[in-house]
Each structure stands twice: as C-alpha cells, then as structure tokens.
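Presented below is the structure to which this report refers.
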Amino acid sequence: MGHGASRLRRVVHEVAKFGAVGGAGVLVNLLVFNLVRHTTDLQVVRASVIATVVAIVFNYVGFRYFTYRDRDKSRRTREMTLFLLFSAIGLVIENGVLYLATYGFGWNTPLQNNIFKFLGIGIATLFRFWSYRSWVFRALPAGAPAPGTRTGPAGQEKTKQQVP
C-alpha cells in the first residue's frame, strides 16, 4: 500500500474517532440544552452556552484520552490553553447561529431552537476539527517513540510491559 493510501487511512480513522467523541458530545450538548431550557427560565442562548460548556469539558476528555491519545502530551498547559481558546471560538460560532436565528429572524419555537442549535454545532465542529488537529493535539515528530514506550540501550524501544 502506498504512502498516500496509508495517510488517507489514518485520516479516515482519525475522523471516525473524532466523530464518535463529537457525536456523543452533540448528544450531551442537546440533552443539557433541553434540560436547562425546560427546567429554568433562562433565555435560549444562555441555556445553549451552558450546554456548550458542559459539552466542551466532555469532549476534551474524549479527545485527549481516545481520539488523540497518541499525540504529544508534553505540553499540557499549552494544549489546554489552545483547546479552551478554540473551544471558545467554536462556542461563539455555535451560539451565534442560534442567536441570529432567535433574535435576528424571530425563530424561537423549541423545534426551531433545536434546529439552529444543531446547525450551529455542525458549523462549529468543522472549525474545531481543523483547529484541534492542527494546533491543540499535535502529532508527535516523525521518529518519536509511540506513547507508552521508552528507548533502552542502543535506542531499542521497550513497551511499558517490558520496562523493569
């Protein structure tokens, strides 16, 4: 198999894992959104922001420990700062769509709220995928040992199970 096909396979695998975590995050987001909308008197966009923040926390855990567990972990403070920055931009995109629909066009029924919340999530997800993979969960440099391995004498790799 050629280098291009191997790279494509890795990207497809990454997109699938990102989608699994993201899909679960969308469910968390929509469930929290509707729970807050139906149990409080908060305005629609405020309820949405709360739901987005809960989903951001959920997604970070999923991305760090599932989707991007093989990525560089050496600079967690930088990673967390960038994740929060890009997540905040995604929050503005996502909730900006809902705000525009609700207050700009007057589309404010529960069904319309959910449609535009979902649309906003979709648009923000495209931005998040690009930014997280490009800036937050950086690939390890070529030739770096895989996570869970250390190099022994003469550069021999040892897995955690083999390390004394």
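The values are calculated or read from the model by the stated rules, or taken from the named source; none is laboratory data. These numbers come from a predicted model, not from an experiment. Glycine gets a Cβ as well: all are built from the backbone with ideal geometry, and neighbour counts include every protein chain shown. Heads up: the accessible areas ignore ligands, DNA and RNA and are worked out on the full protein's heavy atoms, side chains in. Shrake-Rupley method; radii C 1.70, N 1.55, O 1.52, S 1.80 Å.
Of the residues that sit in segment 100-140 and are in contact (Cβ under 8 Å) with a residue 24 or more places away in the chain and polar (S, T, N, Q), which one is nearest to Val15 (Cα to Cα)? Going through the qualifying residues, I end up with Thr125. Scanning segment 8-49 for residues that are over 24 Å from Val92 (Cβ atoms) and hydroxyl-bearing (Ser, Thr, Tyr) yields a count of 1. Scanning segment 60-89 for residues that are open to solvent by less than 30 Å² (accessible area, probe 1.4 Å), in contact (Cβ under 8 Å) with a residue 40 or more places away in the chain and under 22 Å from Leu30 (Cβ atoms) yields Gly62, Phe63, Thr67, Phe83, Phe86, Ser87.
Checking the structure you have, find out if any residue of segment 143-153 is surrounded by fewer than 18 Cβ atoms within 10 Å (Cβ to Cβ), in a helix (DSSP H, G or I), hydroxyl-bearing (Ser, Thr, Tyr) and modelled with pLDDT under 90. Looking through segment 143-153, none of the residues is surrounded by fewer than 18 Cβ atoms within 10 Å (Cβ to Cβ), in a helix (DSSP H, G or I), hydroxyl-bearing (Ser, Thr, Tyr) and modelled with pLDDT under 90. Checked against (1) under 10 Å from the mean Cα position of the chain (by Cα); (2) of a type in the set (S, T, N, Q); (3) surrounded by fewer than 13 Cβ atoms within 10 Å (Cβ to Cβ), Thr39 meets all criteria but (1).
Considering every residue within segment 5-16, establish whether at least one is touching a residue at least 60 places away in the same chain (Cβ under 8 Å) and either in contact with a helix residue (DSSP H, G or I) (Cβ under 8 Å, 6 or more places away or on another chain) or of a type in the set (Phe, Trp, Tyr) (or both). Yes: one or more hits.
Filtered by the rule that a residue be open to solvent by less than 50 Å² (accessible area, probe 1.4 Å) and under 19 Å from Gly22 (Cβ atoms), segment 97-124 gives Val97, Leu98, Asn114, Phe116, Lys117, Gly120, Ile121, Gly122, Ala124.
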